Amino acid sequence: MLQWLAENLGTILISAVLLAVTVSICVYLIRQKQKGKSSCGCNCAHCAMHGQCHGKP
Amino acid sequence: MVIAINMMDVVRKNGDQINVKELSRELGCKIVEISALKGDGVMEAAEAAVSAAKSTKTVPMHTFSGPVEHALAHIEEAAVHTMPLEQQRWYAIKIFERDDKVLEKLNIPAQVMSHIEEDIKAAEKELDDDAESIITNERYVYIASIIKGCLKKKNVGKLSTSDKIDRVVTNRWLGLPIFAVVMFLVYYISMVTVGSAATDWANDGLFGDGFHLFGIGSSAYTEAADAYGEASAIVDGYDAYVEANGEPADGTFTYEVEDEETLAVTEETATTADYEDALKTLDEIGEEPDPADYGVWVPGVPVLVGSALEKAGAADWLSGLILDGIVAGVGAVLGFVPQMLVLFLLLAFLEACGYMARIAFVLDRVFRKFGLSGKSFIPMLIGTGCGIPGIMASRTIENERDRRMTIMTTTFIPCGAKVPFIAMIAGALFGGSAWVSTSAYFIGMAAIIISGIMLKKTKMFAGDPAPFVMELPAYHLPTVGNVLRSMWERGWSFIKKAGTIILLSTIFVWFTTYFGWVDGKFQMLSEEQIDSSILAAVGGAIAWIFNPLGWGTWEAAVASITGLVAKENIVGTLGILYGGGDGTVYQTLASVFTGITGYSFLVFNLLCAPCFAAIGAIKREMNSRKWTWFAIGYQCGFAYIVSLMINQFGNLFTGHVNVIGLIFAVAALAGIIYMLVKPYKEANKLTAKV
């Protein structure tokens, strides 16, 4: 087991980092959605109607 | 109350004078002169507003003529006396104007309404006009009387510079051609000149093999690499010929040359003398040229990430996921950032200087002929950045049918997210021509006009066009800060999206591309086996739908579907499926698509249903599941028909006719022409008494 871990340490660590990044993005997107922000990613601050679709600043 | 008079910088520049003290006395409130563009007086206005809010001083009320005030007093007493005092007058005026929405909201009993109606009719009879016009007219007369005493124009009756420019750019005949030229220049500068150079560097250098720092040594390396490549091809050709035939016949032989852009292999003829020269060249150059020998060589992101993964001893699947999935997919999207920034900068300048407002005015004249109003152009204008605020902006259209139609058609205009795949198709198949991007913009606009004409002739959308009133501010040079801020806001959103939704999508696309069933066993697939992948199975099941459009491959079908998550995904997906991280996306695209099928693919993805976020906005604005599905169905159907016609008629010109496809394309064209020339059922002219 230890030998297998040692052999695949690089893969395990990089996979863990990638997984953390993926989960963080998912959490970020879900929070944005809960805040009423669109997943479009567009910054509509210049639009006079932005208060309508992006409820909170 | 505080009134802020904006654009005072323009007033002063024109030499006009506003008597602020007199205006303040007439209106009974503090007047602050500001220039929002330059930020002058804004804080003073805000402070004045704060102190006015604390003050209990009341503002004198404007009074209408005797008959109107008489009717208003009756209305207040009869219908709105139970409301808060400060709201009573506003509601009374609206009732006097017979405002539909207010009357519907108040739901006044019929008996009371008939009593009110008598008062309104009496005022109308006395002033010889309809109630709405009476209020409008009296307000304008009041405004004119105030302006007369407070404003002194320097050049009365003379045309200002802005007016002179308007005489040309809003000219009945020149307005639209000038707009076409302006938009071509915008796309030419952003896609071909400045933007293209930067994007080539980003795609080939930053997200490719690497680049020479400051370009030093780049041309010398290219020259050496080309000479080495050609000499190697000649030597390989000679060796192959000699191996097959013993010696070259009459001293000539053929060798194969691969086109770097299209991967097309052509045969060239060489002589034994060329072979001798090639040997000398190879002798002189020695080994294959190393870019690091010609200047400071900075490796690209894939190279750096690849070597880091190798050093860390990452497994093959993980290296594949990161290099062929994330780096290839996200890198393909980020590679277009320079072009996007230049495009956003130019569009922000056109919006801020006042030109785009003129286009709404010019297009109003065109749109009105087809039953739409210039108001429908505003959402389109906003939609060039992102379709969602464009859809939201349709709220300014009062007419429900026009509003629905605008929501359905706004996303036809290429938004920022669609620009990368348009640029990709242009770069891979049309040598990066600016015509491709410009034509995409005008195809979007033509789709809106054609849809407007056709839909207006159906029962669902028939009706009079709404009036369009818009302020045309004088032309002015926008501040650098404002334009740069607008560009950065849009650009940063694009980058943020690439790091979130696009990154997640590339992970999904890579897993479903490189895993599948081979001989009944689920396993990781090699490059040659991806036709057995999960994504290939899903794409293959729907690819036949796109056969008549000329791109019925599972890769193209899948790219269109992933484009529904975010349109940038089309580029990301094609980057994974056709690139695999080795920087050959453009070449593979050029070998898979022809100019016609590529353009058909571009038009379909331009006009079909927008991304899920925009579909959500459509659902919110339509407030109806039925109308949302109708909008999506119409967009996809219209996109399919237009792409079908492009492919089938294009094939007709190139001599690759598919009779059944051509029959359907001709039938679709006939249907569209019939709808365009069919007379309107209802009046298409606005008749309103002012």
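The values are calculated or read from the model by the stated rules, or taken from the named source; none is laboratory data. Treat the numbers as computed from the prediction; the structure is a model and nothing was measured. Glycine gets a Cβ as well: all are built from the backbone with ideal geometry, and neighbour counts include every protein chain shown. Protein only, heavy atoms only, side chains kept; ligands, DNA and RNA dropped before computing areas. Shrake-Rupley method; radii C 1.70, N 1.55, O 1.52, S 1.80 Å.
Can you tell me which residue within the range B:513-535, out of those that are open to solvent by less than 20 Å² (accessible area, probe 1.4 Å) and touching a Gly at 6+ places or on another chain (Cβ under 7 Å), is nearest to the other protein chains (Cβ to nearest Cβ)?
B:514
Can residue B:364 be described as open to solvent by less than 10 Å² (accessible area, probe 1.4 Å) and touching a helix residue (DSSP H, G or I) at 6+ places or on another chain (Cβ under 8 Å)?
Considered against the rule, which asks whether it is open to solvent by less than 10 Å² (accessible area, probe 1.4 Å) and touching a helix residue (DSSP H, G or I) at 6+ places or on another chain (Cβ under 8 Å), residue B:364 comes out as no.
Any residue at all in the range B:356-366 that is modelled with pLDDT under 85, closer than 26 Å to residue B:599 by Cβ and within 14 Å of another protein chain (Cβ to nearest Cβ)?
No: zero hits.
Which of (1) over 23 Å from residue B:386 (Cβ atoms); (2) at pLDDT 85 or above; (3) aliphatic (A, V, I, L, M) is the odd one out, the single condition residue B:585 does not satisfy?
Only one criterion is unmet by residue B:585, namely (2).
Can you find even one residue in the range B:35-45 that is under 24 Å from residue B:158 (Cβ atoms) and not aliphatic (A, V, I, L, M)?
Looking through the range B:35-45, at least one residue is under 24 Å from residue B:158 (Cβ atoms) and not aliphatic (A, V, I, L, M).
Just to check your reading of the model, which residue among B:165, B:135, B:146, B:216 is β-branched (Val, Ile, Thr), open to solvent by 40 Å² or more (accessible area, probe 1.4 Å) and over 28 Å from the mean Cα position of the chain (by Cα)?
B:216
Quick one: which helices (runs of 4 or more DSSP H) lie wholly within the range B:540-637 and hold at least 3 residues that are within 14 Å of chain A (Cβ to nearest Cβ) and surrounded by fewer than 24 Cβ atoms within 10 Å (Cβ to Cβ)?
Hits in the range B:540-637: B:612-622.
Out of the range B:459-512, which residues are of a type in the set (Lys, Arg), surrounded by fewer than 20 Cβ atoms within 10 Å (Cβ to Cβ) and within 13 Å of chain A (Cβ to nearest Cβ)?
Hits for the range B:459-512 are B:485, B:496.
Considering only the range B:66-92, state which residues are among the β-branched types (Val, Ile, Thr), buried (at least 16 other Cβ atoms within 10 Å of the Cβ) and free of Cβ contacts under 8 Å to residues at least 60 places away in the same chain.
Selection gives B:75, B:80.
Which of the residues spanning the range B:281-306 are part of a helix (DSSP H, G or I) and either of a type in the set (A, V, I, L, M) or open to solvent by less than 50 Å² (accessible area, probe 1.4 Å) (or both)?
Those that are part of a helix (DSSP H, G or I) and either of a type in the set (A, V, I, L, M) or open to solvent by less than 50 Å² (accessible area, probe 1.4 Å) (or both): B:281, B:282, B:285, B:291, B:292, B:301, B:302, B:303, B:304, B:305, B:306.
Going through B:393, B:417 one at a time, which residue ends up being touching a residue at least 24 places away in the same chain (Cβ under 8 Å), under 27 Å from residue B:564 (Cβ atoms), open to solvent by less than 30 Å² (accessible area, probe 1.4 Å) and among the hydrophobic types (A, V, I, L, M, F, W, C)?
B:417
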